[in-house]
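Written out below as structure tokens is the structure these notes cover.
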């Protein structure tokens, strides 16, 4: 059992006041699906001795479209996102990513904000949000800031949350007609399994099949989930065919090794990255079912 | 650290308990309320043995801090049978289909499938498998469990049509 304080708040402003008062000594707890494992082992993250419950604050849980943006409250559960027609329509892939998290029980508690802040390399929503060009909204008593999710992870298991700040929203520009997308999670079994690798692609091609935009992110390939800019750039202005898809797969594996070096898992991950990058780009370009 | 107070409803009954700030919903149910039908398997949210319904949704009670259940409506395996003590159709079907061996996963399996049958009258096998995908059974191989849930759904639908 952990010697800790449990703090309840009625609304977002009360949470921000508590975070201001406690600083790094308090951590918000939403679904708790990561934190509870630490508590069972007798520790709270980062020397905190208090948890602020944010799981019962309705104003942190919403999915809404505003202009060209889709806004998702950080306290929205994976189950709510996976079941949302609006998310399906506006993102094409985020509901797949959310539906693949853990188990039904975990998805009923775990939140999108928690998935991001925990900063696990295998987090399922993160690669999807990266290819959606999502921004993370943080609030504190001092104000509000937005950080592109691609810049939100300074290192493994680290997220860019300052003491006193709460992640309150994730937002991204809606995917409009003409875009294609694909998400795939590689796992040892179909449920309650951490991703070995996960892949997310958003692509846009013109009427003649010329690739105009390409976004690729992979989780668990590098120390932090990342976009693969060299692969994205080599595809722009070209038509997707078998040869190009194969080249893209090779380029992704080469980028992984260039940035991450050779690791014990590289023998396994290199051919898998090659194949699954090709496949997911093909799916996003509607070249493969 | 001082105990915290938790007011909530379990199986339709109001409770007021004091517990450690780090106590889990599972600990309070088992150790303070004596509702030991909810089992602790892995304790890390992977096996589903501790599944209960919280405001109608299945959750791992090992993953919920007791304080987070303030004001919640909790249903455990002890609360699924009728007020006359008659077994729930799911409980009957688990017996009839031979879906119980050691029995440790059974309460969690029943709570997970209850959430499904509360909203879906005629679930497909795929929906049934999805509903219990967060619950591990190391004895039966799952076939009898899927059979039992399908049987319960049919019996519940038939009973509904009779009324």
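Here, each number is a calculation from the coordinates, and none is a lab measurement. Computed from a predicted model, the values in this text were never measured in an experiment. Every residue, glycine among them, receives a Cβ derived from its backbone with ideal geometry; neighbour counts consider all protein chains shown.
Under a GNM of chain B (C-alpha, springs under 10 Å), which listed residue has the highest mean-square fluctuation: B:86, B:127, B:115? In this elastic network of chain B, the residue with the biggest mean-square fluctuation among B:86, B:127, B:115 is B:86. Checking the a/c ratio against 1.5 first, then a/b against b/c, what shape does the Cα gyration tensor give for the stretch B:89-162? The shape class here is prolate. Shielding by partners for peptide B:55-64, expressed as the average number of C-beta atoms from other protein chains within 10 Å of each residue's C-beta, is 6. In this structure, residue B:73 and residue A:41 have a Cβ-Cβ separation that, at R0 = 22 Å, corresponds to a calculated FRET efficiency of about 0.15.
Indicate the gyration tensor shape class of the stretch B:1-47 (rounded, prolate or oblate), computed on the Cα atoms with a ≥ b ≥ c the square roots of the eigenvalues: a/c under 1.5 is rounded; otherwise a/b larger than b/c is prolate and the rest oblate.
Working: a/c = 2.32, a/b = 1.24, b/c = 1.87.
Here the stretch B:1-47 falls in the oblate category.
Find how many whole Å separate the alpha carbon centroid of the stretch B:102-144 from the alpha carbon centroid of the stretch A:242-263. One Cα centre to the other: 41 Å. Between B:87, B:26, B:53, the GNM of chain B built on Cα springs shorter than 10 angstrom shows B:87 fluctuating the most.
Site pair residue B:15 and residue B:124 shows an inter-label distance of 3.8 nm when each label is modelled 7 Å from Cα along Cα→Cβ.
Listing A:89, B:88, B:163 from the residue with the fewest other Cβ atoms within 10 Å to the one with the most, what is the order?
Values: A:89 13, B:88 18, B:163 4.
In order of increasing Cβ crowding within 10 Å: B:163, A:89, B:88.
In terms of other Cβ atoms within 10 Å, A:126, A:29 run from fewest to most in the order A:29, A:126. Taking label positions 7 Å along the Cα-Cβ direction at both residue A:213 and residue B:139, the computed distance is 5.5 nm, reported to one decimal.
For a Förster distance of 22 Å, can you work out the FRET efficiency between the beta-carbons of residue A:2 and residue A:157, rounded to the nearest 0.05? Each step should come with its number before you reach the end.
Numbers: r = 19 Å, r/R0 = 0.88.
After rounding, the FRET efficiency stands at 0.70.
Here the Gaussian network model covers chain A, with springs between Cα atoms less than 10 Å apart; of A:247, A:41, A:85, A:41 fluctuates the most.
Sum -39500 (n - 2.57) across every DSSP H segment of at least 4 residues in chain B, then divide by the residue count to get the 222 nm mean residue ellipticity, nearest 500.
On the way: 4 runs with 49 residues, N = 163.
Per the formula, -9500 deg cm²/dmol.
Restricting the calculation to Cα atoms, the stretch B:1-104 yields a radius of gyration followed by a Dmax of 14.3, 49 Å. For the pair residue B:7 and residue B:162, a Förster radius of 41 Å applied to the C-beta separation gives a FRET efficiency near 0.55, rounded to the nearest 0.05. Counting 0.36 nm for each residue step from residue A:66 to residue A:262 and taking away their Cα separation leaves a gain of 66.1 nm.
Run the numbers for residue A:241 and residue A:188: contour at 0.36 nm per residue of separation, minus the present Cα-Cα distance, in nm. Before the final figure, lay out each step's value.
Numbers: separation 53, 0.36 × 53 = 19.08 nm, distance 3.01 nm.
Extra length from residue A:241 to residue A:188 when fully extended: 16.1 nm.
Normalised by the number of residues in the stretch A:60-173, the mean separation of alpha-carbon contacts (under 8 Å, six or more apart) gives a relative contact order of 28 percent.
Which of rounded, prolate, oblate describes the stretch A:1-108, given a ≥ b ≥ c as roots of the alpha-carbon gyration tensor eigenvalues and a/c under 1.5 marking rounded, otherwise prolate only if a/b is larger than b/c? It is oblate, given that a/c is not under 1.5 and a/b is not larger than b/c.
Sorting A:109, A:283 from the fewest to the most surrounding beta carbons within 10 angstrom yields A:283, A:109. Between 0 and 90 degrees, the angle of helix B:143-162 with respect to the longest Cα principal axis of chain B falls at about 80 degrees.
Helix A:12-22 and the long axis of chain A differ in direction by around 70°, with both axes built from C-alpha atoms.
Can you give the Kirkwood hydrodynamic radius for the protein assembly as shown, in Å, rounded to one decimal and based on Cα pairs?
For the protein assembly as shown, inverting the mean 1/r across all distinct Cα pairs yields 23.3 Å.
Per residue of peptide A:31-41, the mean number of Cβ atoms on other chains within 10 Å of the residue Cβ is 5.
For chain B, the longest principal axis of the alpha carbon atoms and the long axis of helix B:106-119 meet at an angle near 70°.
Counting Cβ atoms of other protein chains within 10 Å of each residue's Cβ and taking the mean over peptide A:107-114 gives 3.
Using helices alone, I'd like the mean residue ellipticity at 222 nm for chain A: each DSSP H run of four-plus residues gives -39500 (n - 2.57), total over residue count, nearest 500. Could the numbers behind the result be given before it?
Numbers: 11 runs with 99 residues, N = 289.
After summing the helix terms and dividing by the residues of chain A, the value is -9500 deg cm²/dmol.
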